[in-house]
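So the structure is just underneath, and the comments pick up after that.
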Amino acid sequence: MNTLQASKPDFDYVASVYRWAEYLALGSQLQSTRKHFLSALNERRHALILGDGDGRFLASLLRSNRSLSATAVDTSKRMLRLLKKRCAEMDSRLVTMQATAQSVQPSACTDLIVSHFFLDCLTQQEVDSLVAQIANCCRPGTWWLISEFQIPPRSPWRFFAKTYIRMLYFAFFVTTGLCVRQLPETRMPLSSAGFERVAYHQSLGGLLYSEIWELRSKAVSTHTQPPATMGSSTLNEG
Ligand SMILES: C[S@@+](CC[C@H](N)C(=O)[O-])C[C@H]1O[C@@H](n2cnc3c(N)ncnc32)[C@H](O)[C@@H]1O
């Protein structure tokens, strides 16, 4: 396992207040977004959870799918401590690793990757290489459940979204030392790595979205256009 780099953000400082800060800012919207596709994950058997923070999503996932085991990777010791506490009753199905997501390879049995509001902590280059690395290690049929912020292209919410995201990055810079300043593009790297989007849901005028991508084939070498947005909530397994 790689050692953690000193320049990386440290979420230890915000771990204990993270949940309350989130509720104060957007109420239950983030948790609803994380859990939107929960019931679609019942056939999955082993999940790799990247940067789940205090473990609220993972606890829900392990409770709703009793056949699933999970590996949770996070750089923050305090976040991992909260996650383990929250998942204590399911700990026989849980492995935790304090490491960067970039340093961990999914095991051969992994059929679900989860990253909620995590890829936005990475630079574009880090997202590109993480996606390529995961695609390289996983079997076709693996799902990647992603929730993220986005700036909706045409929406009365666009100005609000831009301002909110700017404030969010500033708050994380001050509290954790996160140096990323803008949302990385995720759909292009996923498409290029052989993932295809099979489900999409958005809320708050498009500021928040959740989607499922399925690994269809590996190593598509050229960049392809990401699929167009599929309405406000769809799940089309093909
Ligand atoms: C913005 S929080 C998101 C937490 C949670 N997933 C959510 O939905 O709110 C980012 C989380 O990712 C972790 N993190 C940041 N950079 C990381 C990295 N390179 N590898 C693994 N975890 C990382 C942080 O410690 C934190 O728990």
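Bear in mind these aren't lab numbers, they're just calculated from the coordinates by the rules spelled out. The shown structure was predicted, so the numbers you read here are calculated from the model rather than taken from an experiment. Glycine also receives a Cβ, built like all others from the backbone with ideal geometry; neighbour counts cover every protein chain displayed.
Miscellaneous remarks
- Over region 11-215, the alpha carbon radius of gyration divided by the compact-protein estimate 2.2 N^0.38 Å works out to 0.96.
- Cα-based Rg of region 29-110 normalised by 2.2 N^0.38 Å, two decimals: 1.02
- Cα-based shape type of region 103-148, given that a ≥ b ≥ c are square roots of the gyration tensor eigenvalues and the cut on a/c is 1.5: oblate
- A Förster radius of 22 Å combined with the Cβ-Cβ distance from Tyr13 to Glu126 puts the calculated FRET efficiency at roughly 0.55.
- Axial C-alpha extent at least 24 Å, average Kyte-Doolittle at least -0.5 - helices from the chain (DSSP): 158-176
- Once the chain from Lys77 to Asn136 is taken as fully extended at 0.36 nm per residue, the excess over their C-alpha distance is 18.4 nm.
- Student exercise, region 63-198 dipole from Lys, Arg, Asp, Glu Cβ charges, in Debye to nearest 20: 500 debye
- A Gaussian network model of the chain, with springs between Cα atoms under 10 Å, assigns the largest mean-square fluctuation among Glu185, Glu43, Glu196 to Glu43.
- Unit charges at the beta carbon, dipole of the chain: most positive-side option, Asn136, Leu61, Phe173: Leu61
- With contacts taken as Cα pairs under 8 Å and at least 6 residues apart, region 11-215 reaches a relative contact order of 22 percent.
- Paramagnetic label reach from Ser107 (point 7 Å along Cα→Cβ; backbone nitrogen cut-off under 11 Å): within region 46-84, residues 46-48, 69-72.
- Note on Lys8, Lys35: ascending count of other Cβ atoms within 10 Å places them as Lys8, Lys35, the fewest first.
- Most mobile of Tyr200, Tyr169, Tyr13 in a GNM of the chain (Cα contacts under 10 Å): Tyr13
- Within region 77-119: Cβ-based charge dipole about Cα centre, in debye rounded to nearest 20 (Lys, Arg +1; Asp, Glu -1): 320 debye
- Only DSSP H runs of four or more residues enter the estimate; each adds -39500 (n - 2.57), and after division by the residues of the chain the mean residue ellipticity at 222 nm equals -9500 deg cm²/dmol.
- Each of Ala72, Gln31, Thr123 was placed along the dipole of the chain (beta-carbon charges, centred on the mean Cα), and the one lying farthest toward the positive end is Gln31.
- Fewest neighbouring Cβ atoms within 10 Å first, the residues Val174, Val131 line up as Val174, Val131.
- The chain - charge dipole about Cα centre, Lys and Arg +1 at Cβ, Asp and Glu -1, debye rounded to 20: 360 debye
- Once the Cα-Cα distance is subtracted from the 0.36 nm per residue extended length, the Thr175 to Lys85 segment shows a gain of 30.1 nm.
- Order of Thr123, Thr163, Thr186 - criterion: other Cβ atoms within 10 Å of each residue's Cβ, fewest first: Thr163, Thr123, Thr186
- Residues Ser92 and Phe160, FRET efficiency given R0 of 35 Å [Cβ-Cβ distance, rounded to 0.05]: 0.20
- For the chain, modelled as a GNM whose springs connect Cα atoms under 10 angstrom apart, the maximal fluctuation among Leu112, Leu122, Leu50 occurs at Leu122.
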